[in-house]
Amino acid sequence: MSGLNRTRDAALRARAEKVVPSGMWGHLHAAKLPDAYPQFFGRGEGGVLWDVDGNRYVDFMCSWGPNLLGHHHPEVDEAAERQRREGDCLNGPAEVMVELAELVVDMVGHADWTQFQKNGTDATTACVTIARAATGKRKMLVAKGAYHGAVPWCSPSLLGVTAEDRAHLSYFKFNDVESLEEAVKAAGDDLAGILVSAYRHDMGFDQELPSAEFAQAARRLCSDKGAVLILDEVRAGFRLDMAGSWEALGVRPDMSAWSKAIANGYALAAVTGADWLRRAASQVFVTGSFWAGAVSMAAAAATLKIVRRDDVPNRLAYLGRLLREGLETRSRQFGLSIRQSGPAQMPTVLFDDDPDFGKGFAFCNAMLERGVYFHPKHNMFLCAAHTEADIAAALDAAEHSFSVVAALGTGSEGRMGRS
(Lines give C-alpha, C1' and ligand atoms only; values in the text may rest on other atoms or scores of the structure.)
Protein backbone atom coordinates (compact mmCIF):
# COMPACT_ATOMS: atom_id res chain seq x y z
CA MET A 1 0.00 0.00 0.00
CA SER A 2 1.02 3.58 -0.54
CA GLY A 3 2.80 5.60 2.11
CA LEU A 4 1.31 8.79 0.65
CA ASN A 5 -1.34 10.65 2.59
CA ARG A 6 -4.79 9.62 1.35
CA THR A 7 -7.01 11.06 4.09
CA ARG A 8 -9.22 13.33 1.98
CA ASP A 9 -9.30 10.84 -0.90
CA ALA A 10 -10.53 8.09 1.43
CA ALA A 11 -13.20 10.36 2.88
CA LEU A 12 -14.44 11.33 -0.59
CA ARG A 13 -14.58 7.70 -1.66
CA ALA A 14 -16.71 6.88 1.38
CA ARG A 15 -19.08 9.77 0.66
CA ALA A 16 -19.30 8.87 -3.02
CA GLU A 17 -20.20 5.26 -2.24
CA LYS A 18 -23.44 6.51 -0.68
CA VAL A 19 -24.62 8.69 -3.57
CA VAL A 20 -22.87 7.47 -6.75
CA PRO A 21 -23.33 3.93 -8.15
CA SER A 22 -20.06 2.07 -7.44
CA GLY A 23 -18.77 5.31 -5.97
CA MET A 24 -16.57 6.10 -8.97
CA TRP A 25 -16.85 6.86 -12.67
CA GLY A 26 -16.93 3.51 -14.40
CA HIS A 27 -15.51 4.72 -17.72
CA LEU A 28 -12.19 5.57 -16.04
CA HIS A 29 -11.86 1.99 -14.75
CA ALA A 30 -11.09 3.43 -11.32
CA ALA A 31 -11.88 0.18 -9.56
CA LYS A 32 -9.30 -1.60 -11.72
CA LEU A 33 -6.39 0.64 -10.73
CA PRO A 34 -4.02 -0.41 -7.95
CA ASP A 35 -5.48 0.28 -4.51
CA ALA A 36 -2.91 2.96 -3.73
CA TYR A 37 -3.98 5.20 -6.61
CA PRO A 38 -5.82 8.42 -5.75
CA GLN A 39 -9.28 8.81 -7.23
CA PHE A 40 -9.86 12.51 -6.56
CA PHE A 41 -7.69 15.37 -7.73
CA GLY A 42 -7.26 18.96 -6.66
CA ARG A 43 -5.57 20.80 -9.50
CA GLY A 44 -3.26 20.61 -12.48
CA GLU A 45 -0.59 22.87 -13.92
CA GLY A 46 1.31 22.16 -17.12
CA GLY A 47 2.46 18.55 -17.08
CA VAL A 48 1.87 18.11 -13.34
CA LEU A 49 -1.18 17.43 -11.17
CA TRP A 50 -1.97 17.23 -7.47
CA ASP A 51 -4.49 14.97 -5.76
CA VAL A 52 -6.91 16.26 -3.12
CA ASP A 53 -4.39 15.39 -0.39
CA GLY A 54 -1.75 17.61 -1.98
CA ASN A 55 0.46 14.85 -3.42
CA ARG A 56 2.22 16.02 -6.59
CA TYR A 57 2.71 13.88 -9.73
CA VAL A 58 4.29 14.30 -13.12
CA ASP A 59 1.21 13.43 -15.16
CA PHE A 60 1.53 10.79 -17.87
CA MET A 61 -2.21 10.19 -18.26
CA CYS A 62 -3.04 13.81 -19.12
CA SER A 63 -6.68 13.50 -18.06
CA TRP A 64 -6.87 10.28 -20.12
CA GLY A 65 -5.97 12.25 -23.24
CA PRO A 66 -7.64 15.68 -23.30
CA ASN A 67 -4.64 17.50 -21.84
CA LEU A 68 -2.57 18.07 -25.00
CA LEU A 69 -0.79 21.36 -24.28
CA GLY A 70 -0.68 21.21 -20.50
CA HIS A 71 -3.13 21.88 -17.70
CA HIS A 72 -4.13 25.56 -17.62
CA HIS A 73 -2.32 26.55 -20.80
CA PRO A 74 -2.35 30.36 -20.55
CA GLU A 75 -3.29 31.09 -24.16
CA VAL A 76 -6.09 28.55 -24.18
CA ASP A 77 -7.46 29.69 -20.83
CA GLU A 78 -7.28 33.33 -21.93
CA ALA A 79 -9.26 32.60 -25.09
CA ALA A 80 -11.83 30.61 -23.11
CA GLU A 81 -12.20 33.31 -20.47
CA ARG A 82 -12.57 36.03 -23.09
CA GLN A 83 -15.44 34.09 -24.65
CA ARG A 84 -16.91 33.27 -21.25
CA ARG A 85 -17.27 37.00 -20.54
CA GLU A 86 -19.24 37.37 -23.78
CA GLY A 87 -21.35 34.24 -23.37
CA ASP A 88 -21.19 30.47 -23.54
CA CYS A 89 -24.56 28.72 -23.73
CA LEU A 90 -26.64 31.10 -25.87
CA ASN A 91 -29.61 30.67 -28.23
CA GLY A 92 -27.22 29.50 -30.90
CA PRO A 93 -23.50 29.31 -31.59
CA ALA A 94 -21.16 32.27 -31.27
CA GLU A 95 -19.02 33.66 -34.07
CA VAL A 96 -16.11 31.53 -32.91
CA MET A 97 -17.84 28.40 -34.24
CA VAL A 98 -17.27 29.54 -37.82
CA GLU A 99 -13.64 30.43 -37.09
CA LEU A 100 -13.07 27.02 -35.52
CA ALA A 101 -14.76 25.16 -38.37
CA GLU A 102 -12.59 27.02 -40.90
CA LEU A 103 -9.49 26.15 -38.89
CA VAL A 104 -10.39 22.44 -38.64
CA VAL A 105 -11.14 22.21 -42.37
CA ASP A 106 -7.86 23.96 -43.16
CA MET A 107 -5.83 21.62 -40.95
CA VAL A 108 -7.40 18.18 -41.48
CA GLY A 109 -6.37 16.62 -44.76
CA HIS A 110 -9.68 15.03 -45.81
CA ALA A 111 -12.04 17.59 -44.27
CA ASP A 112 -14.37 19.66 -46.45
CA TRP A 113 -16.76 20.32 -43.56
CA THR A 114 -17.07 19.81 -39.83
CA GLN A 115 -19.74 19.53 -37.15
CA PHE A 116 -19.28 19.89 -33.38
CA GLN A 117 -20.46 17.81 -30.45
CA LYS A 118 -19.31 17.31 -26.86
CA ASN A 119 -17.94 13.76 -26.39
CA GLY A 120 -16.12 11.21 -28.46
CA THR A 121 -19.13 8.92 -28.35
CA ASP A 122 -21.23 11.74 -29.82
CA ALA A 123 -18.81 12.00 -32.72
CA THR A 124 -18.47 8.29 -33.51
CA THR A 125 -22.23 7.82 -33.30
CA ALA A 126 -22.82 10.78 -35.63
CA CYS A 127 -20.31 9.32 -38.09
CA VAL A 128 -22.12 5.98 -38.16
CA THR A 129 -25.51 7.67 -38.56
CA ILE A 130 -24.29 9.91 -41.39
CA ALA A 131 -22.67 6.95 -43.16
CA ARG A 132 -25.93 5.02 -43.10
CA ALA A 133 -27.90 8.04 -44.26
CA ALA A 134 -25.50 8.71 -47.14
CA THR A 135 -25.36 5.13 -48.40
CA GLY A 136 -28.85 3.91 -47.54
CA LYS A 137 -27.19 0.79 -46.11
CA ARG A 138 -26.95 -0.69 -42.62
CA LYS A 139 -23.84 -2.79 -41.98
CA MET A 140 -20.92 -1.23 -40.06
CA LEU A 141 -17.62 -3.05 -39.62
CA VAL A 142 -15.45 -2.51 -36.53
CA ALA A 143 -12.32 -4.22 -35.22
CA LYS A 144 -12.73 -6.88 -32.55
CA GLY A 145 -12.02 -5.41 -29.13
CA ALA A 146 -11.92 -1.81 -30.34
CA TYR A 147 -13.41 0.93 -28.19
CA HIS A 148 -15.57 3.50 -29.98
CA GLY A 149 -17.76 4.80 -27.17
CA ALA A 150 -20.14 3.98 -24.34
CA VAL A 151 -23.60 3.62 -25.90
CA PRO A 152 -25.45 0.39 -26.78
CA TRP A 153 -24.37 0.15 -30.41
CA CYS A 154 -20.67 -0.04 -29.45
CA SER A 155 -20.24 -0.24 -25.66
CA PRO A 156 -17.74 -2.86 -24.43
CA SER A 157 -20.32 -3.91 -21.85
CA LEU A 158 -23.29 -6.06 -22.83
CA LEU A 159 -25.31 -5.15 -19.75
CA GLY A 160 -28.52 -3.42 -20.80
CA VAL A 161 -27.73 -4.01 -24.47
CA THR A 162 -30.07 -5.94 -26.75
CA ALA A 163 -29.16 -8.01 -29.78
CA GLU A 164 -31.10 -5.51 -31.88
CA ASP A 165 -28.74 -2.71 -30.79
CA ARG A 166 -25.91 -4.48 -32.62
CA ALA A 167 -27.81 -6.32 -35.30
CA HIS A 168 -25.87 -4.62 -38.09
CA LEU A 169 -22.42 -4.52 -36.51
CA SER A 170 -19.81 -6.97 -37.81
CA TYR A 171 -16.18 -7.51 -36.87
CA PHE A 172 -12.72 -7.90 -38.34
CA LYS A 173 -9.20 -8.19 -36.91
CA PHE A 174 -7.19 -4.98 -36.84
CA ASN A 175 -4.31 -5.01 -39.35
CA ASP A 176 -5.57 -8.26 -40.90
CA VAL A 177 -6.41 -7.56 -44.54
CA GLU A 178 -7.90 -11.01 -45.13
CA SER A 179 -10.17 -10.66 -42.11
CA LEU A 180 -11.31 -7.25 -43.32
CA GLU A 181 -11.99 -8.54 -46.81
CA GLU A 182 -14.04 -11.43 -45.42
CA ALA A 183 -16.13 -9.04 -43.29
CA VAL A 184 -16.76 -6.81 -46.30
CA LYS A 185 -17.78 -9.82 -48.37
CA ALA A 186 -20.16 -11.00 -45.64
CA ALA A 187 -21.81 -7.57 -45.52
CA GLY A 188 -22.60 -7.91 -49.23
CA ASP A 189 -24.52 -5.03 -50.76
CA ASP A 190 -25.54 -3.69 -47.34
CA LEU A 191 -22.18 -2.22 -46.30
CA ALA A 192 -22.50 1.35 -45.00
CA GLY A 193 -18.96 1.75 -43.75
CA ILE A 194 -15.84 0.66 -41.92
CA LEU A 195 -15.05 2.32 -38.60
CA VAL A 196 -11.44 1.90 -37.50
CA SER A 197 -9.22 3.41 -34.79
CA ALA A 198 -6.17 5.43 -35.75
CA TYR A 199 -4.16 2.60 -34.21
CA ARG A 200 -5.01 -0.43 -32.06
CA HIS A 201 -5.10 0.71 -28.45
CA ASP A 202 -7.06 -1.99 -26.61
CA MET A 203 -6.39 -1.74 -22.86
CA GLY A 204 -4.07 -4.37 -21.41
CA PHE A 205 -2.66 -5.46 -24.78
CA ASP A 206 0.34 -4.48 -26.87
CA GLN A 207 -0.61 -1.51 -29.01
CA GLU A 208 -0.42 -1.89 -32.78
CA LEU A 209 0.22 0.74 -35.42
CA PRO A 210 -1.66 0.24 -38.71
CA SER A 211 0.28 -1.16 -41.61
CA ALA A 212 0.14 0.70 -44.91
CA GLU A 213 -1.27 -2.46 -46.50
CA PHE A 214 -4.15 -2.58 -44.02
CA ALA A 215 -4.99 1.14 -44.28
CA GLN A 216 -4.87 1.03 -48.07
CA ALA A 217 -7.07 -2.07 -48.14
CA ALA A 218 -9.68 -0.34 -45.97
CA ARG A 219 -9.63 2.64 -48.32
CA ARG A 220 -9.87 0.47 -51.43
CA LEU A 221 -12.70 -1.69 -50.10
CA CYS A 222 -14.79 1.32 -49.11
CA SER A 223 -14.21 3.03 -52.44
CA ASP A 224 -15.10 -0.13 -54.36
CA LYS A 225 -18.28 -0.65 -52.34
CA GLY A 226 -19.42 2.97 -52.17
CA ALA A 227 -19.06 2.70 -48.39
CA VAL A 228 -17.72 5.22 -45.89
CA LEU A 229 -14.27 4.86 -44.35
CA ILE A 230 -14.44 6.39 -40.86
CA LEU A 231 -11.31 6.99 -38.81
CA ASP A 232 -11.81 7.18 -35.05
CA GLU A 233 -9.38 9.94 -34.04
CA VAL A 234 -10.93 10.50 -30.61
CA ARG A 235 -7.87 9.24 -28.74
CA ALA A 236 -5.02 9.93 -31.16
CA GLY A 237 -6.21 13.07 -32.92
CA PHE A 238 -3.69 15.97 -33.10
CA ARG A 239 -1.05 13.93 -31.24
CA LEU A 240 0.33 11.99 -34.21
CA ASP A 241 -0.24 14.27 -37.20
CA MET A 242 -2.03 17.60 -37.42
CA ALA A 243 -3.68 16.63 -40.70
CA GLY A 244 -4.82 13.17 -39.60
CA SER A 245 -3.22 10.08 -38.13
CA TRP A 246 -3.19 8.15 -41.41
CA GLU A 247 -1.64 10.94 -43.49
CA ALA A 248 1.80 9.33 -43.26
CA LEU A 249 0.29 6.16 -44.76
CA GLY A 250 -1.10 8.08 -47.72
CA VAL A 251 -4.67 7.17 -46.75
CA ARG A 252 -7.47 9.63 -46.14
CA PRO A 253 -10.82 8.59 -44.64
CA ASP A 254 -14.20 9.90 -45.72
CA MET A 255 -15.05 10.94 -42.15
CA SER A 256 -13.26 11.21 -38.83
CA ALA A 257 -14.42 11.50 -35.23
CA TRP A 258 -12.44 13.79 -32.92
CA SER A 259 -12.54 14.72 -29.23
CA LYS A 260 -10.19 14.55 -26.20
CA ALA A 261 -7.29 16.82 -27.17
CA ILE A 262 -9.13 19.11 -29.58
CA ALA A 263 -9.82 21.77 -26.93
CA ASN A 264 -7.10 20.97 -24.36
CA GLY A 265 -9.46 19.80 -21.66
CA TYR A 266 -12.56 21.83 -22.52
CA ALA A 267 -15.49 19.63 -23.54
CA LEU A 268 -15.72 19.38 -27.32
CA ALA A 269 -15.91 16.81 -30.11
CA ALA A 270 -16.05 17.08 -33.88
CA VAL A 271 -16.90 15.15 -37.01
CA THR A 272 -15.03 15.98 -40.19
CA GLY A 273 -16.05 14.77 -43.62
CA ALA A 274 -15.56 14.82 -47.37
CA ASP A 275 -17.81 16.75 -49.72
CA TRP A 276 -19.76 13.73 -50.94
CA LEU A 277 -21.12 13.29 -47.40
CA ARG A 278 -22.10 16.93 -46.90
CA ARG A 279 -25.75 16.48 -47.92
CA ALA A 280 -26.30 13.51 -45.61
CA ALA A 281 -24.58 15.35 -42.75
CA SER A 282 -26.90 18.31 -43.25
CA GLN A 283 -30.02 16.11 -43.20
CA VAL A 284 -29.29 13.84 -40.22
CA PHE A 285 -30.74 15.19 -36.99
CA VAL A 286 -28.02 15.26 -34.33
CA THR A 287 -27.98 17.77 -31.51
CA GLY A 288 -27.35 18.30 -27.81
CA SER A 289 -28.26 20.93 -25.26
CA PHE A 290 -24.69 22.17 -24.93
CA TRP A 291 -23.24 21.40 -28.36
CA ALA A 292 -23.10 25.09 -29.29
CA GLY A 293 -21.14 26.02 -26.15
CA ALA A 294 -18.86 28.86 -27.22
CA VAL A 295 -16.24 28.65 -24.48
CA SER A 296 -15.00 25.21 -25.51
CA MET A 297 -14.95 26.29 -29.16
CA ALA A 298 -12.81 29.30 -28.29
CA ALA A 299 -10.49 27.00 -26.36
CA ALA A 300 -10.32 24.64 -29.36
CA ALA A 301 -9.48 27.44 -31.78
CA ALA A 302 -6.63 28.55 -29.53
CA THR A 303 -5.47 24.94 -29.07
CA LEU A 304 -5.31 24.16 -32.77
CA LYS A 305 -3.42 27.36 -33.54
CA ILE A 306 -0.82 26.39 -30.95
CA VAL A 307 -0.64 22.81 -32.28
CA ARG A 308 0.20 24.20 -35.71
CA ARG A 309 2.54 26.97 -34.51
CA ASP A 310 4.55 24.76 -32.16
CA ASP A 311 4.44 21.54 -34.21
CA VAL A 312 3.12 19.73 -31.16
CA PRO A 313 3.06 16.18 -32.63
CA ASN A 314 6.80 16.27 -33.31
CA ARG A 315 7.49 17.72 -29.86
CA LEU A 316 5.53 14.90 -28.25
CA ALA A 317 7.30 12.30 -30.39
CA TYR A 318 10.69 13.62 -29.26
CA LEU A 319 9.74 13.48 -25.59
CA GLY A 320 8.17 10.05 -26.04
CA ARG A 321 11.35 8.66 -27.57
CA LEU A 322 13.40 9.98 -24.63
CA LEU A 323 11.03 8.22 -22.23
CA ARG A 324 10.96 4.99 -24.22
CA GLU A 325 14.73 4.74 -24.59
CA GLY A 326 15.27 5.53 -20.91
CA LEU A 327 12.76 2.93 -19.73
CA GLU A 328 14.33 0.25 -21.92
CA THR A 329 17.83 0.99 -20.60
CA ARG A 330 16.78 1.00 -16.96
CA SER A 331 14.65 -2.13 -17.17
CA ARG A 332 17.61 -4.04 -18.57
CA GLN A 333 19.75 -2.94 -15.63
CA PHE A 334 17.53 -5.05 -13.40
CA GLY A 335 17.13 -7.99 -15.74
CA LEU A 336 13.50 -7.13 -16.49
CA SER A 337 11.85 -7.52 -19.88
CA ILE A 338 9.27 -4.90 -20.83
CA ARG A 339 7.26 -4.33 -23.98
CA GLN A 340 6.74 -0.75 -25.16
CA SER A 341 4.22 -0.35 -27.94
CA GLY A 342 2.12 2.20 -29.75
CA PRO A 343 3.28 5.61 -30.92
CA ALA A 344 5.91 7.33 -28.78
CA GLN A 345 3.45 10.15 -28.07
CA MET A 346 1.03 7.67 -26.47
CA PRO A 347 3.17 4.96 -24.86
CA THR A 348 2.05 1.63 -23.45
CA VAL A 349 4.41 -0.20 -21.08
CA LEU A 350 3.76 -3.85 -20.17
CA PHE A 351 5.95 -6.46 -18.50
CA ASP A 352 6.72 -9.86 -19.99
CA ASP A 353 5.47 -12.87 -18.01
CA ASP A 354 2.90 -10.73 -16.22
CA PRO A 355 -0.53 -12.26 -16.98
CA ASP A 356 -2.21 -10.75 -13.91
CA PHE A 357 -0.41 -7.37 -14.22
CA GLY A 358 1.21 -7.89 -10.81
CA LYS A 359 4.55 -6.53 -12.00
CA GLY A 360 2.84 -3.62 -13.70
CA PHE A 361 0.89 -2.75 -10.58
CA ALA A 362 3.99 -2.96 -8.38
CA PHE A 363 5.95 -0.80 -10.82
CA CYS A 364 3.23 1.85 -11.11
CA ASN A 365 2.66 1.96 -7.35
CA ALA A 366 6.37 2.56 -6.85
CA MET A 367 6.30 5.26 -9.53
CA LEU A 368 3.39 6.90 -7.75
CA GLU A 369 5.37 6.93 -4.50
CA ARG A 370 8.10 8.83 -6.36
CA GLY A 371 5.68 11.39 -7.77
CA VAL A 372 5.08 10.01 -11.27
CA TYR A 373 1.61 9.00 -12.50
CA PHE A 374 1.81 6.01 -14.89
CA HIS A 375 -0.88 3.47 -15.78
CA PRO A 376 -0.29 -0.31 -15.61
CA LYS A 377 -2.65 -1.30 -18.48
CA HIS A 378 -3.85 1.70 -20.49
CA ASN A 379 -1.87 3.66 -23.03
CA MET A 380 -0.46 6.84 -21.54
CA PHE A 381 -0.15 10.34 -23.00
CA LEU A 382 2.56 12.94 -23.39
CA CYS A 383 1.64 16.63 -23.38
CA ALA A 384 3.47 19.64 -24.78
CA ALA A 385 4.03 21.02 -21.28
CA HIS A 386 6.23 18.08 -20.36
CA THR A 387 9.90 19.00 -20.28
CA GLU A 388 13.15 17.11 -20.53
CA ALA A 389 13.37 17.56 -16.74
CA ASP A 390 9.99 15.82 -16.35
CA ILE A 391 11.23 12.91 -18.45
CA ALA A 392 14.41 12.74 -16.37
CA ALA A 393 12.35 12.73 -13.16
CA ALA A 394 10.20 9.92 -14.54
CA LEU A 395 13.27 7.89 -15.46
CA ASP A 396 14.81 8.41 -12.02
CA ALA A 397 11.57 7.13 -10.51
CA ALA A 398 11.55 4.24 -12.98
CA GLU A 399 15.03 3.14 -11.92
CA HIS A 400 13.81 2.83 -8.34
CA SER A 401 10.54 1.19 -9.45
CA PHE A 402 12.26 -1.42 -11.60
CA SER A 403 14.39 -2.31 -8.58
CA VAL A 404 11.17 -2.84 -6.59
CA VAL A 405 9.80 -5.19 -9.25
CA ALA A 406 13.09 -7.07 -9.51
CA ALA A 407 13.12 -7.61 -5.75
CA LEU A 408 9.60 -9.05 -5.84
CA GLY A 409 10.51 -11.79 -8.30
CA THR A 410 7.89 -13.39 -10.54
CA GLY A 411 5.51 -14.83 -7.96
CA SER A 412 2.08 -13.68 -6.89
CA GLU A 413 3.69 -11.57 -4.17
CA GLY A 414 4.24 -8.97 -6.90
CA ARG A 415 0.51 -8.39 -7.15
CA MET A 416 -0.30 -5.03 -5.62
CA GLY A 417 -3.87 -3.86 -6.06
CA ARG A 418 -6.73 -5.34 -8.03
CA SER A 419 -6.53 -6.65 -11.55
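The values are calculated or read from the model by the stated rules, or taken from the named source; none is laboratory data. Note that the structure is a prediction, hence the values are computed from the model and not measured. Glycine gets a Cβ as well: all are built from the backbone with ideal geometry, and neighbour counts include every protein chain shown.
General observations
- Residue in the stretch 357-368 that is over 19 Å from Val58 (Cβ atoms) and touching a strand residue (DSSP E or B) at 6+ places or on another chain (Cβ under 7 Å) present: yes
- For Ala362, the test of being touching a residue at least 24 places away in the same chain (Cβ under 8 Å), farther than 27 Å from Gly46 by Cβ and crowded, with 18+ Cβ neighbours inside 10 Å is passed.
One line per residue, one yes/no per condition, for (1) among the β-branched types (Val, Ile, Thr); (2) surrounded by fewer than 23 Cβ atoms within 10 Å (Cβ to Cβ); (3) in contact (Cβ under 8 Å) with a residue 12 or more places away in the chain:
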site: Lys305; (1), (2), (3): no, yes, yes
site: Asp310; (1), (2), (3): no, yes, yes
site: Ala317; (1), (2), (3): no, yes, yes
site: Asp353; (1), (2), (3): no, yes, yes
site: Gly371; (1), (2), (3): no, yes, yes
site: Ala389; (1), (2), (3): no, yes, no
site: Ala394; (1), (2), (3): no, no, yes
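- Selected residue (only one of Ile306, Ile391, Ile338 is more than 30 Å from Ala263 (Cα to Cα), touching a Leu at 6+ places or on another chain (Cβ under 7 Å), of a type in the set (A, V, I, L, M) and not assigned by TED's automatic domain parsing to the domain that holds Arg239): Ile338
- For the stretch 363-411, filtered to residues that are among the hydroxyl-bearing types (Ser, Thr, Tyr) and closer than 19 Å to Leu33 by Cα, the residue that is nearest to the chain's Cα centre (by Cα) is Tyr373.
- Among the residues listed as Glu99, Glu95, Glu45, Glu78, the single one being free of Cβ contacts under 8 Å to residues at least 40 places away in the same chain, under 21 Å from Val307 (Cβ atoms) and surrounded by fewer than 21 Cβ atoms within 10 Å (Cβ to Cβ): Glu45
- The single condition among (1) outside any strand (DSSP E or B); (2) of a type in the set (S, T, N, Q); (3) modelled with pLDDT of 95 or more that Thr287 does not meet is (3).
- The helices (runs of 4 or more DSSP H) found entirely in the stretch 300-419 that carry 1 or more residues being more than 30 Å from Ser197 (Cβ to Cβ) and basic (Lys, Arg) are 312-333.
- Residue count for the stretch 197-248, restricted to those that are modelled with pLDDT of 95 or more and at positive phi: 3
- Inclusion of Gly109 among residues that are modelled with pLDDT of 95 or more, touching a Gly at 6+ places or on another chain (Cβ under 8 Å) and assigned by TED's automatic domain parsing to the domain that holds Ala243 is warranted.
- Hey, Asp51 farther than 30 Å from Ser245 by Cα and under 24 Å from the mean Cα position of the chain (by Cα) or not: yes
- When the stretch 243-278 is filtered for residues that are within 21 Å of Val312 (Cβ to Cβ) and either assigned by TED's automatic domain parsing to the domain that holds Asn379 or surrounded by fewer than 19 Cβ atoms within 10 Å (Cβ to Cβ) (or both), the ones remaining, listed by number, are Ala243, Glu247, Ala248, Leu249, Ala267.
- Identity of the residue in the stretch 134-148, within 22 Å of the chain's Cα centre (by Cα) and crowded, with 22+ Cβ neighbours inside 10 Å, that ends up farthest from Phe205 (Cα to Cα): Met140
- Total residues in the stretch 19-53, condition at pLDDT 85 or above, small (Gly, Ala, Ser) and over 18 Å from Met367 (Cα atoms): 3
- Of all residues making up the stretch 105-133, the number that are of a type in the set (Val, Ile, Thr) and surrounded by fewer than 20 Cβ atoms within 10 Å (Cβ to Cβ): 2
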